[in-house]
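Single-structure report; data block below.
The values are calculated or read from the model by the stated rules, or taken from the named source; none is laboratory data. Just so it is clear, the model here is predicted, and its values are computed rather than measured. Counting neighbours? That spans all protein chains shown, and the Cβs are built from the backbone with ideal geometry, glycine included. We work out accessible area using only protein heavy atoms, side chains counted, and drop any ligands, DNA or RNA first. Shrake-Rupley method; radii C 1.70, N 1.55, O 1.52, S 1.80 Å.
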Amino acid sequence: MDLLLLLLDLVGTFVFAISGATVGVRQRLDLFGVLVLSFAAANSGGIVRDVLIGATPPAALADWRYLAVSCLAGLLTFYRHALVERLRNPVQMFDAAGLGLFAVAGASKALAFGLGPVAATLLGMLSGIGGGIARDILVARTPVVLQAELYAVAALAGAAVVVLAHQLRHPHVPALVIGALLCFGLRYMAIRHGWHLPVARPRD
Amino acid sequence: MDLLLLLLDLVGTFVFAISGATVGVRQRLDLFGVLVLSFAAANSGGIVRDVLIGATPPAALADWRYLAVSCLAGLLTFYRHALVERLRNPVQMFDAAGLGLFAVAGASKALAFGLGPVAATLLGMLSGIGGGIARDILVARTPVVLQAELYAVAALAGAAVVVLAHQLRHPHVPALVIGALLCFGLRYMAIRHGWHLPVARPRD
Amino acid sequence: MDLLLLLLDLVGTFVFAISGATVGVRQRLDLFGVLVLSFAAANSGGIVRDVLIGATPPAALADWRYLAVSCLAGLLTFYRHALVERLRNPVQMFDAAGLGLFAVAGASKALAFGLGPVAATLLGMLSGIGGGIARDILVARTPVVLQAELYAVAALAGAAVVVLAHQLRHPHVPALVIGALLCFGLRYMAIRHGWHLPVARPRD
């Protein structure tokens, strides 16, 4: 089970790193800049979560595999950019899967460190969306996470399922699965059918 | 007394959250993006302060009331935007009051965690201005805090009063009141009379 | 020896602070904004490193000398901007020296706090480049560190020397010297001869 979780975590890291590297390539950064964006997109959410719950040093720094997977994704994107662009739709699916996994894993870790339900839900969401925010701030644009269809809301819902099950003393593993599936499903429907939240209409 | 402090803290959170939500609405973010900006503007200063002094998890995450008040302010701004824009002047006054309160409360907390006078003054200032910086970075613009009339300087002065009183073993509560009033007064005069610091004139 | 290290550390702080203040002056910030950019450019890398390894409060906040040196550099740049612009080439040399020093000192501190080799190398690099990233994010532009000639790579190489020597149980001080010189040399050659990494060529 732990091996499965680690594998899923690294798959999530890989697909998020590809999203970061793709942005870096489009901004014409050099190879190193692309690798930094890969690492930042894949690991910032988890690093910020670990700092906020006092779990220093963060797992993404202490375990070399996160760096290795991030760099692998960055190199692949840098040298095979055309291939990655052609794959965009499958990447979006992987990204939605990664989002679900990071959200439930983040909420889980926060609960394990003794945080309350509201904080754990927020930290689960942050684990999912933090990487995308860091990636976009590094290239000086408003994070698409704050604008895209139900992206953060999907992460919030997934994290909330885990926290709710914990509050009600329901078993943990089914909650993880249901939370991740709910997040994935919401995000999938939002991409597929353009579901979105109301947008502000400021007066001119 | 503690109840009064909590109430003032939540009022400060509320007015800072309105400033974040207003920026989000003007950037035409969706509802969720507006709530994220509300929360970030109201709580980033305190969260960064708590991380820097090792007080994890930060109070703004551990206590659900900060989230509730931030979301309330965000929802109000989202659905009653015209009203909030009409209120802008009173909001500026509340914002100046919030700045003073956050600055003295931040310096206080840093002293309570054993930091030295320079660090406590800096952390008080950061508690006051951190939210505005986070808000502006999230929408990819240079923080107005770094440009506005005596904004950060007012926070610095308020925090310095608290730290100075602590160094001289003067009583704490009057120092909080005087520090907050000094910060508010400086900021008010700066808004009212356009007081500002010298601006750099780079050679062309 | 410790006195020498402190002196070098403060020299590094000074030159990094000048780079931050120069950006602030060019952006026509007011005096306070310029001082904030000075402090952020000189100390953000070290502060983030200290937070990530759990060494709170960070040294740059706990020791007033870092603030004093940063403000001195900021004031000098603000009031003698023409002089600093004329000095730009020597500043670039000092900056390269500061980069080398911060990289080896950062890796050293991470090892002293028990981090593994991969994490210590990353944290050494981050100590060197973090200030430049914070400086550029604060004025809403893509960090030049991610684009400039071998900047981050030089910091990475310097940090790697220190970590490698530690792994092989070689003496510490020669490794610090060699690491800092390697970083400085790489950066110098990159500036001098335009050495750079391959840049991504996205398809149009």
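What is the Cα coordinate range of chain B on the first, second and third principal axes, sorted by size from largest, in whole angstrom?
Over chain B, Cα extents along the principal axes are 49, 49, 29 Å.
How large, in Å, is the stretch C:148-204 by the Kirkwood hydrodynamic radius built from its alpha-carbon pairs? Don't skip to the end; give the middle numbers.
Values: mean 1/r = 0.0809 Å⁻¹.
Evaluated over the stretch C:148-204, this radius sits at 12.4 Å.
Would the stretch B:84-161 count as rounded, prolate or oblate if I go by the C-alpha gyration tensor, calling it rounded below 1.5 in a/c and otherwise prolate when a/b exceeds b/c, oblate otherwise? It would help to have the intermediate numbers written out before the result.
Numbers: a/c = 2.33, a/b = 1.64, b/c = 1.42.
Cα axes put the stretch B:84-161 in the prolate bin.
How many square angstrom of accessible surface are buried between A and B, both sides summed, with a 1.4 Å probe and rounding to 100?
Details: alone 11090 and 11110 Å², together 19810 Å².
Buried area between the two chains comes out at roughly 2400 Å².
Along its principal axes, what span do the Cα atoms of the protein assembly as shown show, with the longest given first and each in whole Å?
The Cα atoms of the protein assembly as shown stretch 60, 58, 45 Å along their principal axes.
From the phi of every residue in the stretch B:109-114, what ³J(HN,Hα) in whole Hz does the Karplus formula 6.51 cos²θ - 1.76 cosθ + 1.60 yield, where θ is phi - 60° and glycine or proline is x?
Once rounded to whole Hz, the list reads 5, 5, 5, 5, 8, x.
Please report the spacing between the Cα centers of the stretch C:24-57 and the stretch A:19-79 in Å, no decimals.
Cα centroid to Cα centroid, the span is 23 Å.
Just checking the output field for A:128-138: average partner chain Cβ neighbours within 10 Å of each residue's Cβ?
2
What accessible area, in Å² to the nearest ten, does a 1.4 Å probe give for B:M189?
Answer for B:M189: close to 60 Å² accessible.
Rank A:L156, A:L83, A:L72 by mean-square fluctuation in a GNM of chain A with C-alpha springs under 10 angstrom and give only the top-ranked residue.
Greatest mean-square fluctuation among the candidates belongs to A:L83.
With every protein chain kept in place and ligands, DNA and RNA left out, what is the accessible area per residue of chain A? Probe 1.4 Å, answer in Å².
Heavy-atom SASA per residue in chain A reads 43 Å².
Take each of the peptides B:169-177, C:29-37, B:9-17, average the number of other beta-carbon atoms within 10 Å over its residues, and list them starting from the highest.
So the peptides B:169-177, C:29-37, B:9-17, ranked by packing, come out C:29-37, B:9-17, B:169-177.
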